[in-house]
Each structure stands twice: as structure tokens, then as C-alpha cells.
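Colleague: Sharing a structure, written as C-alpha cells. Questions coming.
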Amino acid sequence: MSSPELVTVTVDGREIQVPKGQGMIETALEAGIEIPVFCYEPRLGAPVGACRMCLCEVEGMPKLQAACTMTAQDGLVLSTAQTSAKAAEGQNAVLEFILLNHPLDCPDCDKGGECPLQDLTFRWGPSATRMRFEKRTFDKPIPVSPLIALDRERCILCYRCTRFSETVAEDGQLVAINRGAGSVIATFEDEPYRAHFSGNVLELCPVGALTSTTYRFRARPWEIQNVPTVCGLCPVGCNTWATTREGKVARILSRNHAEVDEGWLCDKGRFAYGHLKADDRISVPRRRVRRRGFEPVSWEQALDEAERGLKEAGGPVVVAFSGGETVETATAIARLVKEGLGGGSALLPDTFHPALDRFRAPISAIREADVCLVFGDEPVVERAPVLDLWLRAARRAGAEVVTLNPAGSAALRPGSAAWAAAQLVAASPAEELRDAKRSLEEARRIAIVWSEDDPTGGAHALALAESLGDKASVYLIPRTPNGRGVAAAWGDPGTVPEGELGALIVSGDEAAGNPDVRDLAERTGFVITTAMFESEGTLWSHLVIPGTSYLERDGTTVNLEGRAQRQRRAVAPPSEDELAFFAGLARRFGVEVDPWPTMLPDDHAALPEVEEQDVAVAAPKAAAPKRRQGLALVRYRSLFSGPAVERVQQLQFQRPADEVELSYEDASARGIAAGSTVTVSSNGTSRSLRARVNRRLRKGVVRIPSEHAEGLHDRVEVKAG
Amino acid sequence: MAPEALYDEIQTIAARYPQRLSAVMPALRLAQERYGWLPPDAFREVGEALDLTPAYCKAVASFYDMFHLEPVGRHMIEVCTNVSCALVGAQQVLEAFEGELGVHAGETTEDGEFTLRTIECAGGCGWGTVVSVDHRYREPVKPEDVPAIVEELRNGSE
Amino acid sequence: MAPSEKALTKLLFADTEGRDLTRLSEYEEVGGYKSLRKALKMKRAKVLDELLAADVRGRGGAGFPMGRKASFLPKPKESAKPIYLVSNADESEPGTFKDREIMARIPHMFIEGVVIASRVIGAKTAFIYIRGEYLTEFEILRDALEEARNAGLVGPDVLGSGWDLTVVVHRGAGAYICGEETALLESLEGKRGQPRSKPPFPAISGVYASPTLINNVETLATVPKILEIGGAEYAKLGVEHSTGTRVFSLSGNVANGGNYEVELGTSLRELVYDIGGGIPGGRELKAIIPGGSSVPVLTADEVDTALDFDSMAARGTMLGSGAVIVMDDRCCMVQLGLRVAQFYMHESCGKCTPCREGTRWMVSILRKIEDGEASQGELDLLLNVCDRILGNCLCPLGDAAAMPVASYVAKFRDEYQRHIDEGGCPFHGDSTLDHVMAPVDQHHARIRAEIEVPA
């Protein structure tokens, strides 16, 4: 790749050399000059020049120009409001026009104090109004959704929110309707903005038009602290700021890691913090007395009880991980069991092939790919939401995105992922994969995304990547946020023995809610559970230790890229955290575990270079799924599921609807109209759901979110009524 | 109108363009012809046919004066009141219609037969006042012509 | 010869008397589609040379030389994307109705021009974006295209040349801003019709981000004639920098409103008095808008101005869309300002701040002046608002609102002053534009925001 040509531009008399074609806003910044903007946001696509806030004088051009739409050309001489009276007048005019109908809401507007309109008005705007007419008014605020409130009076129609909805999230739900001065931002028929990324408009809005209902009236910018941390709810690991006030988390904002999230958050990461205050939060350790009762104990007593129980445990030790533990906590448990208790096995929620690091790359590299292959039946947006935004960005940049699932571009049978990957390695793939194969041959950079549980830990993806050589990267999306970190901390899981177990450590709420873990508990002598919330799982434990949220502890997590990132404690947990407990417990067994998290100096963690590895990739054989009777059921875990989400009232509207997706052919054949009620049944179980027709879904396949598919088998029948 | 027919017809329209999104305006026009106006269902149907959200379809429709997001009368009477027509008495023509129909500009008659409204330049300026009746231009129109026009519409067929 | 006959130079409308040129057979009888056949035998560059020699300027409003614009496009071989021709038939500039008559009476000449221009740039698809209100003209065009297709003049393998041309007629739906070329492209692409920033220019990135030539209907309808008589001959008509003939739309307080084709350089006085029959009812001429509502006004004693680009510019106004609107002495210039401002407020797309907010502010102030409730300072405020809109907007619509109104104040300042001094309109209800209801004012229950400008 040749280095870009440099050109000389002058901004307010300062000469600077920059790559030809670089935007002038960035160029001015490099020269140390800030040009005010509202609608300019490079992440939303090409600049639109709509708000006119950035008007500058350009030598040789009679009219003021919108600097955001200009690019660096040799000899360009730009004067901003700082040195050009004409530009200052222009910017003053624009602010006056914006303020014409802007309400004087500052005293009770959440944006006050962190409001670009306030700041720019102070700097460049008029000090008094000349508008003597009634301002246009609207009912306000309008609930765009349970999460977002819209104040149309404050809106300056910069269109950042609608551009996000249209060109980044591509959900097309937040739009501008009407024309001219009558334009307003709206959703369809006042239906809520129900999408995975809606909350980003709150950060994009430069005024208090779009505000968070969960943060409304809670704090002023000068009363808060922002703690830099990393989200712990999915394996992407978006960088965040946890805004705290008086010891409580008030909101979550993005901390923009250019390689991971580019400044976006999903609504789960942004709004689920409310789970910290759930009513059923376990805040005190307790131990079982008699058969069904529990009594609260002190921290020391809990450690005593754990020590006693483990010492008396006659039998194998098993650990069930949730995959959300920090590396340090997982290490403490590992060392406790392996060094302190003489060994044990583990239920690791995710498996990782050792060769993954050979093909790793930053998530941001997806946008540079020519071809993106997405394998797996679980939609990426449910499993690693922000990664889906990168795939969309890639497609917009001209990449070919091939989705190999029942509703994808190559509409394959459910369970075809491994087979499809193997086919693409073969010289002569199956017919439905021939186009994809051809694209792979012509591509220079390929991103392979694996979006479903994979017991081989990515072997099929890796085999494909290996066949493609240096040009492929693999993104295995684990089920859990820190599955990689936990697996690395524990090592070889071993095999869980049959028969009676001596001790079972159930780490975290997901493990506590896992029916397989419950089965183990039934044949275990002593069960220790760490959990944040009450659940059935805690009932069959002998000792329950309060769990902590990722917002309440310091520690390291490893995301799906293999990037180690630092989570920081934003607020104090109700009790000591899991690391303190297991470190303390390990000490009782003669194992000194550092109770402090690893030092990671970078605020935006880097992904180390790929190391040369001599690990072979051998993928097990994969057969094509057989054609069978009835309809194949694909279950998928919605992003908005899990113990945290369940406990946040404002997020309930995002929970998956009780719907079954059918293909157009299957719906027509059964006389099922979209939106009608149907019965889905298999082997004695049946559920009543609403039908949704998905024209992209392959015939013979239905999709239901997991929580509405309980009890159903892999083959189902669907009948109207 | 069976939604299926709309879906198929829109596919035909979309095939005429190099990119399907271009078909949204003719699709909206087709839906409006079927429904008489553009109710929320029209946006759902057009959206489904072109793989767009109903919100997007509404955003496009609401931009244009000829798409009606509320019910309109069976007959649309539009009087141009821009400069050229105003100079030759468009306001009087408008008032004649208001009197004849018993509604103000912008309103629809109780029986749902007529919607009367003013419009910007219709493109018949030298032959003003221009009145577009169901998209056919009457020009020039004088106030005294109005009763006959209304009568003709009342007596006429579809 | 009577002056009116002499003044009319029919080039486009030359053979229309007593004929129905909407029919292919009749059009061909008077030489129709000969130019296309000629063009197909010429090298593309040679055809372009004729257009350049003709020095014909765009007939839509901007007046950019057509040949030069066409030469900005990359050659088909150099372009990774297909090349498109778009014809702007969205005629919505107040006062203008000439494209309507061209499409209604000589549709084949227009179509022939579309085909030839497409050939020159190497387009295989041509769009005609016709305003939605022109239903009759749309049908005429549609039928003429079908005739043309059946005769092999449009479609696959045009006249056996091996070149395919698809012509798609796309109907607008009522938005003046879609006459602005980039807004038209957005609308054509299926989006809200809001203009784009330029650069990139449509010649490089137009419809579907592909190289596009956009031309007005009349501009394209001129092409067959240019090829018929030759570019150099065409350039002999008219005056320097304003060659050829132009179809002017005449309207307002004039006896014979209509579309008249004359050589550029003809005097405005000739158009209004000789051809137009002057001011009826024994009234006096007060003002003339020479090029559509977007251009500054001329006073009665400026009527001796030639209808060409340079002469109009020298008068501080523009030839614009060629729409001449005549006002007699019954017209209140404040009401004119109000009505014009209301038009732009209604048509503003809402994308950029100064136009969206400024046009509404202008309307508020003008209403106050008309109602006699404005203070002295508010007259200056109005001018300052116009000044703050000027040059600061994303597209010319803001300027098109501010410049004319500023010109009404400048040239009829005393009338504006009287409204303030007398606390009301000095016409006392007798002005032709008195209480004209504009679309922004009418009572309608449409789902719009409450944006009423308080009375």
C-alpha cells in the first residue's frame, strides 16, 4: 500500500501538511483549531453539511463553505471564525437560527452542562434573541421508547439520530417525517423504537432532544464521576464509562475503542446496569441449616464453612463456570481446586481451539474485508451485537457478506455450519456454496465469523482459514463474555466423573440456572454457589456467596478477539467480591493467590500481534444435515435475555416477542397470516405463539427465541389457530 | 385490496429500476390509489414489498404534497394561489369553491366527496387561475365557473 | 409584419401549426428523428462538438452550458459504474410552464433529444423525472415513448445501432425542491428529496453514485434542432453568451399569458407588450419578475432589458427559468414578499438550518409588516435575516427566498415604509394579492407539527 500524498493547507494562518483528501475538520484539529460542528460525525458516513455550523471562509471562494464537506487539497487556505469576521458572522447566524425556536429549557434539561449547543452559543452565538414571535411548540417529552424520550422543541434537526438508525444500525425505525420547518423526528405510528442499538442516539444527540429515561433528572455533569471500564455482558467487551453519582451507577456511556466498538453500545450494555439494584439481590453470605432453611453468616463464617465443607468432601471436585468471571477470579478458583484440593474438573461454557490466536485480528478489521463469511444459526446481533454493526459497515464499504444460515444469503439448513465450512475448503463445493467459493478465491481479505456454540472451539472455521492462507481472520463468538479468559485460567477442563461428587463450586448466576449443573448438584455432597440473585440454584446450595456485577469489581476479561481488557470497579458491591472470597479460601488450603487484579496500563487495550504458532488444525468430519419430516426448529438466545436484563424494567419491551418466524412458503401452505396466532407443537408439548413471516427464511425452518421454545423439540409442526 | 396483488405489482415496478429502492415512490402512489390515501397499513405493505421499514416508507411519503397521510375526499380540488394565479384572482376562485362546497381550504366535505385545498404553482401560470381537479388541470377558472365544475363532479361517475 | 409576429422565432415549435406532433408519424413528416439517425452515424465526440459549438445554456434555471456539462462526465470506458442521463421535468418554479407545453405538444422532440444526449454520454438508461402534478403530460409522454419503442427509436438496439437505451419515466409527488438537481437524484433513488453537498458533482457521482448528466426538458428538446441546423448556425441565433431561442412563460397582469419562443436577446418590453398584449384593464405596469419567483424583481422603468443572461445579470437579477410575471399597480409589494416567502417556507426541505428556520422567520416578519404591526427595526431585521440566509445554505433555495424579498424591499422601500408608518396596508384590501391563502396557512388536519405562524 503506497503512502498517501501529502498536501499543504493553511488553517487560520497555520500551515500544516496532511494526507491529500483528509477531511478539514480533522485537519484543523491537527493544526490545533477546533471548528464547531453539529451534524458532522464521521461514523455516520460521508459528511452532509446540513447544520451549517462549520461555515468557514475559503480563499478563492465567494461564499462561506461548510468545512466538514471539504477535503485537504494543496494550497487550500481556510479561515475559521477565529480569524475571519465573515465566518464568525456566519456561525453567529447559524446559531441564531438554531436558537430561534429552541426552548429555554436549560434549567431542567438533562443535557445542560454537557451540551454542545450551550458551549457553542457561549463561544460563537448571539447573546440575546431578536425573535419576537411565538416559538413553535410540541407536546413533550414524547416516549420514543421506554428508554428514550424525545423533546421535539429542543431538536435542532441535525439528523444524526436518523442517520444512525438508517446507515449504522440499519434498523430504519427512527426517521424524519414531513418537510421543512414542519419536520420532526418520529417512529412509525408512535410504536417504540425497538432495536438493539437504539440508545446510541442518546450520545449522538448534541442537545437535550433525545434523553435517557433512566438518567432523567438524576444528575448534573459536575456532580458525577466517570469510571473507565469495559462492559461484561457479551464477548465483544465494548469500552464504557460508568457514570456514578453518590456511589451508584447512574448511566453507561461509550468509551470508544476504535478497534472494538468504535463508540457504539448495544442497549443491553447501556441500560442493564439497573440489575445492580434488583430486589432479589443477594447481599449477605448464607449457609444451609437443616434441609430447607438458610441462615445468614458473616464473611469469616462463610470462609470457615467453605473450608469445612471442602475438607470433608469425599470425592471429586467440579467447578461450573458461568463465563463472566474475571480472569483473576477464575484463576483463584483454578488454583484453589488444582493446588489446594488436589485437582478437579470443570464445566467450561465455551471451548477454544489453541490455534485461534493464529488467525486473530481486531474486530475493526472486519470493515476492511472483501468477503465476510458468517456461519452459525444464532444471529450475530443477538450474540455479539456490536460485531454485527461492523459486518454492516463492511457491506456498506463494498464487502460481500455471506450469511450461511437458514435466513441468510445462502439459506442453508439448520446445523449446517460445520458442513458448509468444510465444503468451502473442498475444491468442488456443493452447488449452493459455489458462488461463495468463487468470492473467496477473488478476495484479498476475508473475515470468518462463527456465531453458534461450537464444541470444537472453532476447528471448522480454522480449517477454512488455514486453507485460505494469510488472508483470513477468524472471529469465534463464544457464548459468554469472558469464556476465553476463564478457559485460559482453568486450562484443560478434564472430564466430569460419574457417580457421587464430593464438592461442586457453582460460579455465577448463569451456572446456577443451568439444568445440567443442577443435575450435578443432586449428586454432590457439598455445593458452594456464588450468585447475584435469588434463584432455584441457590436453593440447592449449601453455601451461598453474594456475587458481584462486572460494574462492581476490578479484573481482567478477555474478549472474543483475545484482547485482555481491564474492568474497573465503578461502585462498591454489597459484600466482598468473589476474588476476595476464593483468594481467602485458597489461602486456607495453603495456596497464595494474589487477591488483586492484574495491572493493565492501557486505557484502550491493544491486541497483541499474532504469534507464530505451530498448532495444527484438524477439523472433524462434518456431514450435511439430513432432510427430515416436519419443520426444523432453530432456537436462538435473544440478546435481551439473562438475569441482568430480566431485572431492568425499562428493558422489558426489548425482550423477544412470543413469535415464531416462518418462511413465506410454509405460512402460505398452512394458511397462516402474518400476525395471527398459531400453535407450535412437538411430541406432546405445544405452545401458542404469534406468526411472523420472514421472506428470507428457508422453507422448512422456523425460528423461535429460546425462552419461548421451552419444551419443544428440534422438529415441530405449526398450525393456524 | 388483497395485499398480495400489491406485493406482486410492486415487484414489477421495482424491476424497472437499476436499484429497487427507487420504486418506493411509484409503490406509494399505487398503494394510495388502492386505499384512497396512505393509512399505516399502506406503509406496512409497501415496506414488505420492498424490504423497507414502514417508518422509512412514511418518512418518504410525508415529504411530498401529493401523498395523503390522512383520508381525503373522493375528489381532490386544488386551487393554485401562487403569484401568477393570485394576480388574476385565485383567491376569489378559492372562496367560490369554499362557498360552493361549504368547507374551508384544507378541509374535506362531510360526505367525504370533496377535499379542497390550495397548492403552490401548478404550472399553468399564463392560463390562470389554474385548478387541478383530480389531477386534470382546468384553466383558466373564474369564480363564476365554480358552480358548474362542482355540479359536474357531483353528477359524474368515478 | 406585425411586431408580434416578428418577435416570435419558432425553432422548437416551428412545425406545430395545424399538426399533432404528439404522433410519431406526424413528427417524422416534419423531419422528426432525422437528427437521431444522423447522430447515430457520427462519432460521439462530433455530436458533442455540435453542442459545444451551439453554446446552448441550460434552460432550467442555472444556465450552465450544456455541452460543457456533458464533457465533465467520464467516458463509458473510463467508468466503473454505468452512465446515466436524467431529464429534469420537475418544472415547479412559480411562473414557469414551458416544459409542460413542450412535453404536451412536442414530446417526440424531447424524447429525441433524450436519446441523442444519452448516446453522446454513453448512457444505457435515461430517466425522466416529471413532476407528479403533470398527469396529462405524463400520459402523453408515456404514449409517445411507447410509439418510439415500437419503432425501435428507444429500447434494445436503437435503430440497429447495437446500442440499448432504456427510458424510465419517474413521477414526482409534489416537492419544488426536487427540481434542484441533487435533490432530484435523491428522490429518484427513493429517498426524501433533500439536496446533497457538492462536490461531488453529478457528473462524477449522480444517481446511484454513478456519473450522471442532468438536463432540463427544454435543453434536451433543443438538441435535435441543433443537430439539424448545426451548432454554429444555432449559435447565430440570439446574442453572445446567450445563443439560440428560448421558450418564455408569460403570466400575471398581461393580456396574452402563455409560452412564447423568441430569440434570446429579445427585449422584455417586446415580450410583455407586443407579444403579451400589454397590461389589460388600462392599468399601469408596476413590476416584473423576469425569471421565476427566485429572481430579484425589476421595476417598470427597467422593462427595457434584453432577455439574455448577461443583460439580466447587469440589472442585478437573472434570466432564471424564463418565467416572466407581470404585476400592475394593484399589487402590494409587501403582500408579494409575503406570498413568495410563504412559498419557500412551504417548499424548504428542512435539511439546513438557515433556510428551514430563516424562511419561517421571514414569513413571520412579513406578516407583521403587512398587518401594520411591525416596528421600524423589524424592517431592517427582515433585511438582516435575508442577509444571514444568503450564501449560508446547502442549496440555492435559501437564496431563492432571500434575494427576491430583499429586492422587493430595496426597490419598493417606500411601500414597506408606508406599512409601518400607516400601521397597515396602504392598499386597504384592494391589492390583487390581498389575503391570498397560501398552503402554509390553510387549515388542514394533516399530520404536521404545529408550525403555524401566529397571525
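Colleague: Viscosity 0.890 mPa s, temperature 25 °C: Stokes-Einstein D of the range B:87-154 from its Kirkwood Cα radius, in µm² per second?
Modeller: Values: Rh = 12.1 Å.
My calculation gives 203 µm²/s for D.
Colleague: Enumerate the calculated ³J(HN,Hα) couplings along the range C:314-326 in order (Karplus 6.51 cos²θ - 1.76 cosθ + 1.60, θ = phi - 60°), each rounded to whole Hz, writing x wherever the residue is Gly or Pro.
Modeller: Each residue of the range C:314-326 in turn: 5, 7, x, 10, 9, 5, x, 8, x, 9, 9, 10, 9 Hz.
Colleague: Can you compute 3J(HN,Hα) from phi for each residue in the range A:171-176, using the Karplus curve 6.51 cos²θ - 1.76 cosθ + 1.60 with θ = phi - 60°, rounded to whole Hz and x for Gly and Pro?
Modeller: 8, x, 9, 9, 9, 9
Colleague: Related question: Given the convex hull of the Cα atoms of the protein assembly as shown, what is a quarter of its surface area in nm²?
Modeller: Working: hull surface 219.4 nm².
For the Cα atoms of the protein assembly as shown, the hull's average projected area reads 54.8 nm².
Colleague: Assuming R0 = 45 Å, can you tell me the calculated FRET efficiency for the pair C:ARG37 and B:GLU144, based on Cβ-Cβ distance, to the nearest 0.05? Could the numbers behind the result be given before it?
Modeller: Working: r = 52 Å, r/R0 = 1.15.
Computed FRET efficiency for C:ARG37 and B:GLU144 comes out at 0.30.
Colleague: Viscosity 0.692 mPa s, temperature 37 °C: Stokes-Einstein D of chain A from its Kirkwood Cα radius, in µm² per second?
Modeller: Working: Rh = 28.1 Å.
Answer from the Stokes-Einstein relation: 117 µm²/s.
Colleague: Step through the table entries C:LYS10/C:LYS286; A:LYS248/A:LYS268; C:LYS98/C:LYS351; C:LYS46/C:LYS236; A:LYS140/C:LYS191; C:LYS75/C:LYS191, compare each Cα-Cα distance with 23 Å, and write down the pairs that go over it. Working shown, then result.
Modeller: Values: C:LYS10/C:LYS286 30 Å; A:LYS248/A:LYS268 18 Å; C:LYS98/C:LYS351 29 Å; C:LYS46/C:LYS236 19 Å; A:LYS140/C:LYS191 28 Å; C:LYS75/C:LYS191 28 Å.
In this structure, C:LYS10/C:LYS286; C:LYS98/C:LYS351; A:LYS140/C:LYS191; C:LYS75/C:LYS191 exceed 23 Å between Cα atoms.
Colleague: For helix C:44-54, what angle does its Cα long axis make with the longest principal axis of chain C, in degrees from 0 to 90 and rounded to 10?
Modeller: Result, in degrees: 40.
Colleague: Let me ask something additional. Let me know the longest stretch in chain B that avoids all trypsin sites (Lys or Arg not before Pro) found in a DSSP loop with at most 15 other C-beta atoms within 10 Å.
Modeller: Values: sites that count: B:ARG16, B:ARG74.
In short, B:75-158.
Colleague: If a/c stays under 1.5 just call it rounded; otherwise compare a/b with b/c (prolate if a/b is bigger, oblate if not). Do that for the range A:269-340, with a ≥ b ≥ c from the square roots of the Cα gyration tensor eigenvalues.
Modeller: On the way: a/c = 2.32, a/b = 1.22, b/c = 1.90.
Oblate shape, in that a/c is at least 1.5 and b/c is the bigger or equal ratio.
Colleague: Another question, if that's okay. Percent of accessible area on chain A owned by carbon and sulfur, 1.4 Å probe?
Modeller: Details: 14120 of 29140 Å².
Exposed carbon and sulfur together represent 48 percent of the surface.
Colleague: Based on DSSP, what percent of beta bridges with both residues in chain A are antiparallel, to the nearest 5? Don't jump to the answer; show the numbers that get you there.
Modeller: On the way: 55 of 98 bridges.
Around 55 percent of the beta bridges assigned by DSSP in chain A are antiparallel ones.
Colleague: Within the range C:1-103, list the chymotrypsin sites (Phe, Trp or Tyr not before Pro) lying in a DSSP loop whose Cβ has at most 14 other Cβ atoms in a 10 Å radius.
Modeller: Values: sites: C:PHE13, C:TYR27, C:TYR33, C:PHE72, C:TYR84, C:PHE97; in loops: C:PHE13, C:TYR33, C:PHE72, C:PHE97.
Here the sparse-neighbourhood loop sites are C:PHE72.
Colleague: Which whole-number percent is the relative contact order of chain A (Cα, under 8 Å, 6+ apart)?
Modeller: Numbers: 1559 pairs, mean separation 88.2, N = 721.
Result for chain A is 12 percent.
Colleague: Shifting gears a bit: What relative contact order, as a whole-number percentage, does the range B:3-61 give when Cα pairs under 8 Å and 6 or more residues apart are counted? List each step's numbers first, then the result.
Modeller: Details: 64 pairs, mean separation 20.8, N = 59.
In percent, rounded to a whole number, it is 35.
Colleague: In the protein assembly as shown, what % of DSSP beta bridges are antiparallel (nearest 5)?
Modeller: Numbers: 80 of 150 bridges.
So the antiparallel bridges amount to about 55 percent of the total.
Colleague: Given the DSSP H assignment, sum -39500 (n - 2.57) over each helix run of at least 4 residues in chain A and divide by its residue total; what's the result at 222 nm in deg cm²/dmol, nearest 500? List each step's numbers first, then the result.
Modeller: On the way: 20 runs with 162 residues, N = 721.
Rounded to the nearest 500, it is -6000 deg cm²/dmol.
Colleague: In whole Hz, what ³J(HN,Hα) sequence does the range C:182-198 give by Karplus (6.51, -1.76, 1.60; θ = phi - 60°), x for Gly and Pro?
Modeller: The phi angles translate into 6, 5, 4, 4, 4, 5, 4, 6, x, 10, 5, x, 9, x, 9, 6, 10 Hz.
Colleague: What percent do you get for the relative contact order of chain C when only Cα pairs under 8 Å and 6+ apart count?
Modeller: Numbers: 908 pairs, mean separation 72.4, N = 455.
It rounds to 16 percent for chain C.
Colleague: If the only charges are +1 at each Lys and Arg Cβ and -1 at each Asp and Glu Cβ, what is the size of the charge dipole of chain A around the Cα centre, to the nearest 20 debye? It would help to have the intermediate numbers written out before the result.
Modeller: Details: 84 positive and 98 negative charges, 376 e Å.
Charge dipole of chain A: 1800 debye, to the nearest 20.
Colleague: What does the extension gain come out to for A:GLU339 and A:ARG292, with contour length at 0.36 nm per residue minus their alpha carbon separation?
Modeller: Values: separation 47, 0.36 × 47 = 16.92 nm, distance 3.27 nm.
Result: 13.7 nm gained on full extension.
Colleague: With loop defined by DSSP as not H, G, I, E or B, and exposure as at most 12 other Cβ atoms within 10 Å, which is the longest segment of chain A clear of exposed GluC sites (Glu not before Pro)?
Modeller: On the way: sites that count: A:GLU5, A:GLU34, A:GLU59, A:GLU134, A:GLU246, A:GLU498, A:GLU500, A:GLU592, A:GLU609, A:GLU611, A:GLU612, A:GLU710.
No qualifying site falls inside A:247-497, the longest such stretch.
Colleague: Alpha carbon centre of the range A:72-112 versus the range C:407-424: separation in Å?
Modeller: The distance from the Cα centre of the range A:72-112 to that of the range C:407-424 comes to 32 Å.
Colleague: By Kyte-Doolittle mean hydropathy of at least -1.0 and Cα axial length of at least 30 Å, which whole DSSP H helices of chain A are selected? Intermediate values should be presented prior to the final figure.
Modeller: Working: long enough: none.
Helices meeting the span and hydropathy rule in chain A: none at all.
Colleague: Please sort through the DSSP H helices of chain B and keep those with an alpha-carbon extent of at least 15 Å along the long axis and a Kyte-Doolittle average not below 1.6. Working shown, then result.
Modeller: On the way: long enough: B:3-15 (18 Å, 0.05); B:24-35 (16 Å, -0.13); B:40-50 (16 Å, -0.24); B:90-101 (16 Å, 0.02).
Taking the DSSP H segments of chain B (at least 15 Å long, mean hydropathy at least 1.6), we get none.
Colleague: Here is a further query. Expressed as a whole number of Å, what is the distance separating the alpha-carbon centroids of the range C:196-261 and the range B:132-158?
Modeller: A separation of 35 Å, based on Cα centres.
Colleague: A further question follows. Using only Cα atoms and rounding to the nearest 10 degrees, what angle (0 to 90) does helix C:396-411 make with the longest principal axis of chain C?
Modeller: Its long axis makes an angle of about 50 degrees.
Colleague: Around B:PRO143, with a cut-off of 10 angstrom between Cβ atoms, what is the net charge of the other residues, counting Lys and Arg +1 and Asp and Glu -1? Can you show the working numbers first?
Modeller: Working: positive: B:LYS142; negative: B:GLU95, B:GLU100, B:GLU144, B:ASP145.
Result for the local shell: -3.
Colleague: So, one more: Which of A:ASN256, A:ILE366, A:GLY343 sits farthest toward the positive end of the charge dipole of the range A:228-383, with +1 on the Cβ of Lys and Arg and -1 on the Cβ of Asp and Glu?
Modeller: Of A:ASN256, A:ILE366, A:GLY343, it is A:GLY343.
Colleague: Continuing with this model, one more query. Run through the DSSP bridge list for chain C and note the antiparallel percent, rounded to the nearest 5.
Modeller: Details: 18 of 39 bridges.
Restricted to chain C, the bridges split so that about 45 percent are antiparallel.
Colleague: Note down the net charge around C:ARG149, summing +1 for each Lys or Arg and -1 for each Asp or Glu among other residues with Cβ under 13 Å from its Cβ. List each step's numbers first, then the result.
Modeller: Details: positive: C:ARG142; negative: C:ASP143, C:GLU146, C:GLU147, C:ASP157, C:ASP164.
Residues close to C:ARG149 contribute a combined charge of -4.
Colleague: Using only protein heavy atoms and a 1.4 angstrom probe, determine the accessible area buried between C and A, summed over both sides, in Å² to the nearest 100. Let's see the in-between values first.
Modeller: Details: alone 19010 and 31430 Å², together 47060 Å².
Rounded to the nearest hundred, the buried surface is 3400 Å².
Colleague: How many angstrom separate the Cα center of the range A:505-566 from the Cα center of the range A:688-721?
Modeller: 32
Colleague: Using a cut-off of 11 Å between beta-carbons, work out the net charge of the residues near B:ASP41 (Lys and Arg +1, Asp and Glu -1, B:ASP41 not included).
Modeller: Details: positive: B:ARG34, B:ARG44; negative: A:GLU189, B:GLU45, B:GLU48.
Net local charge, B:ASP41 excluded: -1.
The values are calculated or read from the model by the stated rules, or taken from the named source; none is laboratory data. It should be emphasised that the depicted structure is a prediction, and the values quoted were computed from it without experimental measurement. Every residue, glycine as well, gets a Cβ built from its backbone with ideal geometry; the counts of neighbours run over all protein chains shown. For accessibility, only protein heavy atoms count, side chains too; no ligands or nucleic acids. Shrake-Rupley method; radii C 1.70, N 1.55, O 1.52, S 1.80 Å.
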